[in-house]
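Input: a single structure, listed below in structure tokens.
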Amino acid sequence: MKLVSINKEDFYAGAEKLYNSYKLYIPVKQEDNSYAFKNSDKIDINNLTFLNTRLSPKSLVFPQTEKMFSYTTDTNSEDCNIIKPINKENLKQAILGIRPCDSASFGIVEKNFDTEEYKDPFWINSYKATTFIGLACDNPDSTCFCTTANSGPFDEKGLDILLITSGDSFIGKILTKKGEEAAKIAGWTTEAPADSVSAIEKQKKEAESKISSSISTDKIKDKDTLELYNASFWEEEAFACINCGTCAYVCPTCWCFDIQDEISDKKGIRMRNWDSCMFPLFTLHGSGHNPRDLKYQRARQRFMHKLKYYQDKYQSGIQCVGCGRCIRLCPVNIDIRRICDIMNS
Amino acid sequence: MAEYISKIQEISKKILQDGKVDIVIGFSDGSLPMASRPCFIKSPEDTGKLIFDGNCGINLANYLTGKKEKIGIIAKGCDSRNIAQLIVENKIKREQLFIIGVPCFKMIDKRKTSLLFEEEITQVTESDDKIIVKGKNKEKTFNREDMLQENCITCMHRNPVIYDELAGELIKESDQKAEYEDVKKIEAMSSEDRWNHFSEMLSACVRCYACRDACPLCYCPTCFVDESSPQWVGKSADNQIDVKTFHILRAFHCAGRCTDCGACEKACPMGIKVRKFTRKLNSDAMRHYEWEAGLTTDKRPLLDNFRVNDYQDFIK
Ligand code: SF4
Ligand code: SF4
Ligand code: SF4
Ligand code: SF4
């Protein structure tokens with residue numbers, strides 16, 4: 001691990017150089033003051049105090065629609081009805097200004113897409129082609145609970161470089177080989193002063209102490225799955241849920257997808273689109289039977305998966321990084337912290 | 001506001017105790033500033049959980065379709081109109097309901113407030129004409145009037161249209177006429193500009209369908225966009241034609257039924273102004289048929305009813 005000093009000019013120049021070598025994504029302020037990752041190099045230091053982007057950056061590795069195969073149904077073609085992979089070129093990309101919770105989320109999603117048994121080439125190739133240049137959080141939101149959900153405001157998991165704000169410059173913590181390469185390209189090579197390590201440590205403690213919300217999941221782990229599943233609180237707690245799926249779409253750790261064919265004329269595309277356990281169609285059988293027929297059953301699935309099944313299956317914590325997006329954007333104020341408390345009590 | 005809350009709690013308690021209803025559907029306190037959570041109360045002892053304030057913009061009529069039990073429900077002007085609409089459309093029976101009417105003091109627009117405050121909001125308190133917004137580093141007082149949801153600004157029916165008991169005195173309705181200036185502006189555009197306007201507006205749509213799911217009119221067991229055999233609308237996020245198809249068709253399904261309660265827009269995570277479509281249809285219903293949805297349970301809905309003197313100029 002190496003520490004570099006990056007002053008304002010170096011930062012801007014670096015962003016430009018990264019833009020020329022990678023497909024660079026940066027957080028850009030939108031008209032309504034929200035932020036979104038866009039392909040640009042016009043990064044503005046003054047805007048980097050942003051809390052987090054409205055949508056998580058998961059779509060940069062796992063797009064909402066991924067075209068996987070193509071085919072033709074034209075009987076005159078010798079390729080008729082043969083499905084062929086669409087060879088996607090995974091250009092090198094970099095995400096500059098990703099928050100630590102979001103970069104940690106990729107490690108959680110990886111457990112699903114890259115296993116001994118199954119390897120998802122689309123996700124893996126795209127993930128490998130991505131360099132993560134994170135930005136530590138000095139002023140977390142009151143809905144951030146990352147420190148009790150696999151991450152923290154200065155967490156380094158999944159990052160190649162961590163940038164720490166220091167006045168109007170940055171200290172860059174180079175964490176991986178990929179990070180070294182990016183720092184070299186960006187020209188961020190000035191060694192940081194020796195006291196940086198302790199300064200960062202202090203800043204980190206300060207940021208962590210500003211995290212005002214937390215969850216406990218320890219008891220959930222030991223609870224009997226069926227007991228939790230059949231608990232009486234679900235109907236009441238999930239009553240308000242309109243099953244809109246917003247929480248899953250904005251969540252960095254929700255990974256479910258649905259495979260669809262779309263044919264226009266005689267040309268077909270097989271694609272996968274984001275899906276959500278909140279939707280009735282998610283579990284609808286061909287027979288018309290739906291094992292999760294009621295709204296509360298679908299809401300229960302989301303929380304059981306994130307907080308119980310995932311813990312049981314992978315033995316490595318919950319499937320959540322505490323980014324707080326689902327809390328902020330749920331139209332009817334279903335709050336995962338509240339549900340978690342009830343499940344854990 | 002405090003009187004409203006105590007009255008709501010009192011009535012709810014009474015009807016639960018008397019066995020007039022099995023549950024009361026209302027709002028409970030939210031976990032964030034400017035949020036409330038729809039809830040149901042089963043026991044008279046729990047009625048203290050019910051609240052009401054300027055953050056109760058979600059339309060509770062959305063929770064009625066298909067319910068079998070006897071229900072007490074808190075209804076603002078727009079909720080009551082959607083309840084009337086659901087009764088006419090046979091989705092719930094009038095006899096099943098005990099409607100606690102709340103003459104509405106208009107709802108606060110969370111997005112507008114956040115936009116103007118610019119930092120994270122940690123607390124919001126409202127009085128009759130002011131809202132005080134607090135953040136970690138500052139505090140600001142706004143005129144309540146400047147912070148209202150757009151649909152509430154033009155609302156003509158703040159008093160509930162049907163109710164069994166009121167939680168507050170009826171108020172004087174606005175005497176302005178529904179002008180639909182916003183609709184006229186879009187109507188005045190060339191068709192190309194209009195297409196671009198809507199394309200731009202919908203480009204951020206992630207097709208979560210929260211707008212539909214928050215809408216009390218959208219109760220179809222399977223929405224046309226979810227139909228899979230045959231599949232009517234493509235599902236990818238890339239195809240903007242499919243996105244437009246969803247929005248335009250959904251709006252048409254709400255023609256003559258929409259009460260402009262604003263739940264769709266409130267629910268959208270992307271802040272898309274989906275009411276632009278339904279407003280156009282509401283304006284047409286008003287202009288051509290002098291029709292506003294959900295004002296009574298005595299009339300058939302606009303579009304399942306034919307009158308010989310109906311506007312017909314569009315038939316060419
Ligand atoms: S929890 Fe909230 S955001 Fe998630 S599906 Fe339910 S209503 Fe939508
Ligand atoms: S469940 Fe909610 S808080 Fe957790 S990672 Fe997903 S969006 Fe963030
Ligand atoms: S539309 Fe009218 S009745 Fe409905 S919340 Fe707004 S002001 Fe109240
Ligand atoms: S709620 Fe918003 S993002 Fe979701 S489908 Fe409706 S308009 Fe699109």
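Odds and ends about this structure:
- Qualifying residue in region B:205-219 (condition: at negative phi, open to solvent by 50 Å² or more (accessible area, probe 1.4 Å) and more than 16 Å from ligand 4 (Cβ to nearest atom)): yes
- Test: residue in region A:97-119 that is part of a loop (DSSP other than H, G, I, E, B) and touching a Phe, Trp or Tyr at 6+ places or on another chain (Cβ under 8 Å): no
- Any hit, region B:107-127, residues being acidic (D, E), modelled with pLDDT of 95 or more and not in a loop (DSSP other than H, G, I, E, B): no
- Helices (runs of 4 or more DSSP H) fully within region B:202-290 counting 1 or more residues that are more than 29 Å from A:I263 (Cα to Cα) and away from chain A (no Cβ under 11 Å): B:275-289
- Restricting attention to region A:134-169, the residues that are in contact with a Gly (Cβ under 7 Å, 6 or more places away or on another chain), closer than 22 Å to A:I43 by Cα and hydrophobic (A, V, I, L, M, F, W, C) add up to 5.
- For region A:242-262, taking the residues that are within 18 Å of A:Q297 (Cβ to Cβ) and away from ligand 4 (no atom under 13 Å from the Cβ), the one that is most open to solvent (accessible area, probe 1.4 Å) is identified as A:C256.
- Check on B:K273, without any contact (Cβ under 8 Å) to a residue 60 or more places away in the chain, within 28 Å of A:C326 (Cβ to Cβ) and surrounded by fewer than 18 Cβ atoms within 10 Å (Cβ to Cβ): no
- Scanning region A:54-84 for residues that are under 15 Å from A:L135 (Cβ atoms) and within 12 Å of another protein chain (Cβ to nearest Cβ) yields one hit, A:S56.
- Extreme residue, nearest to B:D260 (Cα to Cα), among residues of region B:154-182 that are outside any loop (DSSP other than H, G, I, E, B) and at pLDDT 95 or above: B:L166
- Against the list (1) of a type in the set (V, I, T); (2) within 14 Å of chain B (Cβ to nearest Cβ); (3) free of Cβ contacts under 8 Å to residues at least 40 places away in the same chain, the condition A:T176 fails is (2).
- Here B:A210 meets each of (1) within 16 Å of ligand 2 (Cβ to nearest atom); (2) over 22 Å from the mean Cα position of the chain (by Cα); (3) among the small types (G, A, S) with one exception, condition (2).
- Note on region B:146-190: residues that are open to solvent by less than 80 Å² (accessible area, probe 1.4 Å), of a type in the set (D, E, K, R), closer than 16 Å to B:K106 by Cα and out of contact with any Pro (no Cβ under 7 Å at 6 or more places or on another chain) total 2.
- Within region A:198-227, tally of residues that are more than 30 Å from A:D312 (Cβ to Cβ) and surrounded by 14 or more Cβ atoms within 10 Å (Cβ to Cβ): 6
- Candidates in region B:244-270 are the residues that are touching a residue at least 60 places away in the same chain (Cβ under 8 Å) and more than 25 Å from A:Q30 (Cα to Cα); of these, the one that is farthest from ligand 2 (Cβ to nearest atom) is B:R257.
Residue-by-condition table, conditions (1) free of Cβ contacts under 8 Å to residues at least 40 places away in the same chain; (2) closer than 24 Å to A:P331 by Cβ:
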position: B:C78; (1), (2): no, yes
position: B:I99; (1), (2): no, yes
position: B:E118; (1), (2): yes, yes
position: B:V124; (1), (2): no, yes
position: B:K130; (1), (2): yes, no
position: B:N143; (1), (2): yes, no
position: B:P160; (1), (2): no, yes
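- When the residues of region A:231-259 are filtered to those that are more than 14 Å from ligand 1 (Cβ to nearest atom) and in contact with a strand residue (DSSP E or B) (Cβ under 6 Å, 6 or more places away or on another chain), the one that is nearest to A:S151 (Cα to Cα) is A:F257.
- Residues (more than 9 Å from chain B (Cβ to nearest Cβ) and out of contact with any Leu (no Cβ under 9 Å at 6 or more places or on another chain)) located in region A:325-345: A:C326, A:D341, A:I342, A:S345
- Residue check for A:R292: within 10 Å of chain B (Cβ to nearest Cβ) and under 24 Å from B:Y63 (Cα atoms): no
- Against the criterion of being more than 18 Å from B:P216 (Cβ to Cβ) and either open to solvent by less than 30 Å² (accessible area, probe 1.4 Å) or within 11 Å of chain A (Cβ to nearest Cβ) (or both), B:G30 qualifies.
- From the list B:I131, B:I58, B:I74, B:I83, the lone residue that is buried (at least 16 other Cβ atoms within 10 Å of the Cβ), assigned to a strand (DSSP E or B) and within 14 Å of ligand 3 (Cβ to nearest atom) is B:I74.
- Subset tally (residues that are within 30 Å of B:A84 (Cα to Cα) and among the basic types (K, R)) for region B:190-233: 2
- All told, A:N139 meets the bar of being within 14 Å of another protein chain (Cβ to nearest Cβ), open to solvent by 70 Å² or more (accessible area, probe 1.4 Å) and either more than 16 Å from ligand 2 (Cβ to nearest atom) or touching a Lys or Arg at 6+ places or on another chain (Cβ under 7 Å) (or both).
- One residue alone among A:D102, A:D160, A:D114 is more than 14 Å from chain B (Cβ to nearest Cβ), surrounded by 21 or more Cβ atoms within 10 Å (Cβ to Cβ) and free of Cβ contacts under 8 Å to residues at least 40 places away in the same chain, and that residue is A:D160.
The values are calculated or read from the model by the stated rules, or taken from the named source; none is laboratory data. Keep in mind the model is a prediction, meaning the values are calculated, not measured. Ideal geometry is used to build each Cβ from the backbone, glycine not excepted, and the neighbour counts take in all protein chains shown. These area figures cover heavy atoms from the full protein model, side chains too; ligands, DNA and RNA do not enter into them. Shrake-Rupley method; radii C 1.70, N 1.55, O 1.52, S 1.80 Å.
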